[in-house]
1. Look through 268, 258 and report the one residue that is assigned to a helix (DSSP H, G or I) and either among the charged types (D, E, K, R) or under 24 Å from the mean Cα position of the chain (by Cα) (or both).
2. Could you tell me which residue of the stretch 175-223 is surrounded by the fewest Cβ atoms within 10 Å (Cβ to Cβ), considering only residues that are touching a helix residue (DSSP H, G or I) at 6+ places or on another chain (Cβ under 7 Å) and among the acidic types (Asp, Glu)?
3. Would you be able to tell me the number of residues in the stretch 10-37 that are within 20 Å of the chain's Cα centre (by Cα), among the aromatic types (Phe, Trp, Tyr) and at pLDDT 95 or above?
4. Have a look at 63, 77 and point out the one that is within 17 Å of residue 5 (Cα to Cα) and assigned by TED's automatic domain parsing to the domain that holds residue 16.
5. Here are some conditions: (1) closer than 25 Å to residue 333 by Cα; (2) part of a loop (DSSP other than H, G, I, E, B); (3) touching a residue at least 60 places away in the same chain (Cβ under 8 Å). Residue 249 meets all but one. Which one does it not meet?
6. Given the criteria buried (at least 17 other Cβ atoms within 10 Å of the Cβ) and out of contact with any Leu (no Cβ under 7 Å at 6 or more places or on another chain), does residue 119 qualify?
7. Restricting the stretch 50-83 to residues that are among the hydroxyl-bearing types (Ser, Thr, Tyr) and more than 23 Å from residue 26 (Cβ to Cβ), which is surrounded by the fewest Cβ atoms within 10 Å (Cβ to Cβ)?
8. Is the stretch 319-338 home to any residue that is assigned by TED's automatic domain parsing to the domain that holds residue 202, within 15 Å of residue 282 (Cα to Cα), of a type outside the set (Ser, Thr, Tyr) and modelled with pLDDT of 95 or more?
Amino acid sequence: MKVAIIHDWLVTYAGAERVLEQILQLFPRADLYSVVDFLSAKQRSFILNKTVTTTSIQRYPWARTKYRSYLPFMPLAVEQWDLSAYDLVISSSHAVAKGAITGPDQLHISYVHSPIRYAWDLQHQYLREAGLDGGLKGLVAKLILHYMRMWDLRTAHGVDHFVANSEFIARRIRKVYRRDAMVIYPPVDIENFSLETAKDDYYLTASRMVAYKKMDSIVEAFAGMPDKKLIVIGDGPDSSKIKAWARQVKNIELLGYQPSSVLREYMQKARAFVFAAEEDFGITPVEAQACGTPVIAYGKGGALETITGLDQEHPTGVFFSEQAAQSIRDAVFLFERETEQILPAYCRKNAERFSAERFRQEFSGYIRTIIGEKDNE
């Protein structure tokens with residue numbers, strides 16, 4: 001079979017790119033397409049150093065740093081690819097990749113990290129955080145998102161089979177597209193995170209400091225618990241607000257951005273990892289568990305599928321019900337009362353459910369099943 005793999009954009013190596021990496025391991029001879037490709041020479045190994053077919057947006061002014069600003073032009077751009085020569089098209093999509101045009105005799109399987117978040121149920125949150133919930137610019141943004149929703153829904157009909165990265169996203173796909181999706185959890189590099197049973201007396205949180213990650217709520221929570229040390233790793237637009245909170249107390253240590261090797265060391269020794277975002281899946285909590293570190297997490301989204309709560313056998317963490325300081329504090333107190341129930345070995349065993357090898361086996365098995373069904377039609 002001749003195979004094409006489509007990815008939204010290639011600018012970094014993050015969660016979606018880890019999925020792409022494993023798909024390329026399964027189809028090393030596939031051709032790769034992306035809206036833009038700004039990976040450096042050192043970053044290209046995960047795409048097997050392939051030459052990528054991009055769109056006209058690659059050549060737009062300031063596209064390297066402002067590619068997201070060209071979102072309204074991306075639907076037209078991805079529709080210009082001529083994919084008629086391929087038997088199998090696999091899209092890895094959280095924005096526009098699934099909208100590439102295929103024919104009736106081609107098989108299009110889309111691995112969806114999420115329907116376009118800022119166009120659907122997270123639209124109002126996105127507009128508020130971008131300062132676009134009013135005024136002329138806000139009106140233009142709402143019109144663009146309205147257009148994106150219509151295009152996104154229309155192109156869902158061109159996908160033969162959907163795969164979701166969690167049950168949470170499968171429900172979102174069902175809500176938005178009225179389509180069922182097979183759930184195959186994304187790969188986590190658990191082999192890079194070894195089990196550590198000896199823990200130090202500090203809590204850890206690590207993330208990009210953007211509004212929906214709610215890092216400010218975590219810092220605020222620990223500011224009200226001066227006897228508990230919190231280490232914060234990460235930077236981003238909200239860093240000034242978080243620094244303002246941290247300056248008021250002595251128990252919070254901000255380390256800024258740190259390389260993965262440093263993050264891993266802190267993760268291995270932390271008493272618990274604190275996670276306040278509502279994520280589609282959430283790789284970092286799984287990495288923490290791979291280190292044998294329990295997770296105190298917001299009880300919505302993918303965290304409910306990757307963390308085992310106190311109400312289950314072999315718990316790996318506790319949940320809080322609101323993305324607010326007091327709710328986080330209550331969860332920390334609960335964790336400390338029940339900490340003997342949560343063993344590092346339980347955490348590691350739970351994390352092993354999300355290995356890269358498991359992903360390759362499940363995804364390749366699913367592809368073979370779908371192809372077999374198509375051949376028997």
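1. Numbers: 258 fails: assigned to a helix (DSSP H, G or I).
Matching residue, one of 268, 258: 268.
2. Top of the filtered list is 180.
3. Counting residues in the stretch 10-37 that are within 20 Å of the chain's Cα centre (by Cα), among the aromatic types (Phe, Trp, Tyr) and at pLDDT 95 or above gives 0.
4. Working: 63 fails: within 17 Å of residue 5 (Cα to Cα).
Matching residue, one of 63, 77: 77.
5. Single failed check for residue 249: (3).
6. no
7. In the first step, residues of the stretch 50-83 are kept if they are among the hydroxyl-bearing types (Ser, Thr, Tyr); the result is 51, 53-56, 60, 65, 67, 69-70.
When the remaining residues are screened for being more than 23 Å from residue 26 (Cβ to Cβ), the result is 55-56, 60, 65, 67, 69-70.
Numbers: 55: 24, 56: 14, 60: 16, 65: 9, 67: 19, 69: 12, 70: 19.
In this case the residue turns out to be 65.
8. Keep residues of the stretch 319-338 that are assigned by TED's automatic domain parsing to the domain that holds residue 202, which gives 319-338.
From the residues that got through so far, the ones that are within 15 Å of residue 282 (Cα to Cα) too are 319.
Filter again for of a type outside the set (Ser, Thr, Tyr), leaving 319.
Narrowing the set further to residues that are modelled with pLDDT of 95 or more leaves 319.
Yes: one or more hits.
The values are calculated or read from the model by the stated rules, or taken from the named source; none is laboratory data. Small disclaimer: the values here were computed from a predicted structure and weren't measured. Cβ: placed from backbone, ideal geometry, glycine included. Neighbour counts: every protein chain shown.
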